[in-house]
Amino acid sequence: METRVPFIRSPNYKRPVFRRKVKQIVLHYTAGYTYEQAAKTFMNASAQKSSHLLIGRDAGEIGQFVTYPDIAWHAKGANRDSIGIEIVSLGGMFARQGKDGSFRYYHDTRSGGFYGVHPENPVLHIPTDKYNAWETFTDWQYHAAAQACAWIMGLYEMQSVDKIVDHRAVDKRGVKWDIGPAWDWQRFNLLVADAMRKPLTSPMTITTGD
């Protein structure tokens, strides 16, 4: 299956005065349920949030919201020299086990409260300094993210997968956790390397075996 990446311009971006030098690609998770929810946020001018690409859970769910020469608002302090890719996932969660052995999952709020969430994908129980459970990612998300990164790396002449980092790596405040330990970097890097050996299409096209 071939999926062309549609473009829907977000109002949340900045056009640089001079041509910017893109040095890295930053991966994020949305901390939400659906592609539609994240896309709605990107199209809301008052949200002041965006990324260049958004990848949903299901095959075919992908869109571009900011052109690559422009600056998306996805990683404070790193926006100017990076391309942002948001991947739909609940991400980090708090897991609580009941007496019957089953788990319930929660997100925290800015006010310090908690609300229940229901992961669609399998969950890895990995304790960290904050969260102890992480929603995993789909095959489509790995393939789409890898091919998108390979395309962008070709566009900006990046030679190494080391140029692909997560939000936590560029967060100087130390408050971000995405993309988290559920992201399989080894699998992803192999997919990127494979995609980089293939000729680039224009516009960007994601190809899967479905």
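Throughout, read-outs are computed from the coordinates displayed, never taken from laboratory work. These numbers come from a predicted model, not from an experiment. When we count neighbours, we look across all protein chains shown, and the Cβ atoms used for this are built from the backbone with ideal geometry, even at glycine.
Taking N as the number of residues in the range 114-188, what is its alpha-carbon radius of gyration divided by 2.2 N^0.38 Å? Working it through for the range 114-188, the quotient is 1.27.
For the chain, the residue among Leu54, Ile25, Val161 whose Cα projects farthest onto the positive side of the dipole built from Cβ charges is Ile25. A crude spin-label estimate for the pair Lys198 and Met1, with each label 7 Å from Cα along the Cβ direction, gives 1.5 nm. Peptides 86-94, 177-185 ordered by packing proxy, namely the average of other Cβ atoms within 10 Å per residue, highest first: 86-94, 177-185. Could you tell me how far the Cα centroid of the range 173-190 sits from the Cα centroid of the range 68-88, in Å? With the range 68-88 and the range 173-190 each reduced to a Cα centre, they are spaced 16 Å. Rounded to 0.05, the FRET efficiency of the Leu124 and Asp100 pair, given R0 = 22 Å and the Cβ-Cβ distance, is 0.60. Treating the angle as unsigned and between 0 and 90°, give the value, to the nearest 10°, between the Cα long axis of helix 185-196 and the longest Cα principal axis of the chain. The two axes meet at around 20 degrees. What do you get for the angle between helix 139-155 and the principal long axis of the chain? Use alpha-carbon atoms, 0 to 90 degrees, nearest ten. Roughly 30 degrees, rounded to the nearest 10. Based on Cα contacts under 8 Å between residues 6+ apart, the range 52-157 shows a relative contact order of 24 percent.
Over 19 Å, how big is the tail of the calculated P(r) for the range 1-101, in percent of all Cα pairs? So the portion of pairs separated by more than 19 Å is 45 percent. Computed over the alpha carbons of the range 55-128, Rg followed by Dmax gives 16.7, 53 Å.
Counted over all Cα-Cα pairs of the chain, pairs farther apart than 31 Å make up 17 percent.
Which net charge results for the neighbourhood of Ala150, defined as the other residues with beta-carbon distances under 10 angstrom from its beta-carbon, given Lys and Arg at +1 and Asp and Glu at -1? Here the count lands on +1. Taking a sphere under 13 Å around the Cβ of Lys21 and counting the other residues whose Cβ falls inside, with K and R at +1 and D and E at -1, yields a net charge of +3. Given an 8 Å cut-off on Cα distances and at least 6 residues of separation, report the relative contact order of the chain as a percent. After rounding, I find 25 percent.
What residues from the range 189-210 fall in the zone where the backbone N is under 19 Å from a label point 7 Å along the Cα-to-C-beta line of Ile8? Within reach of a label on Ile8: 204-206.
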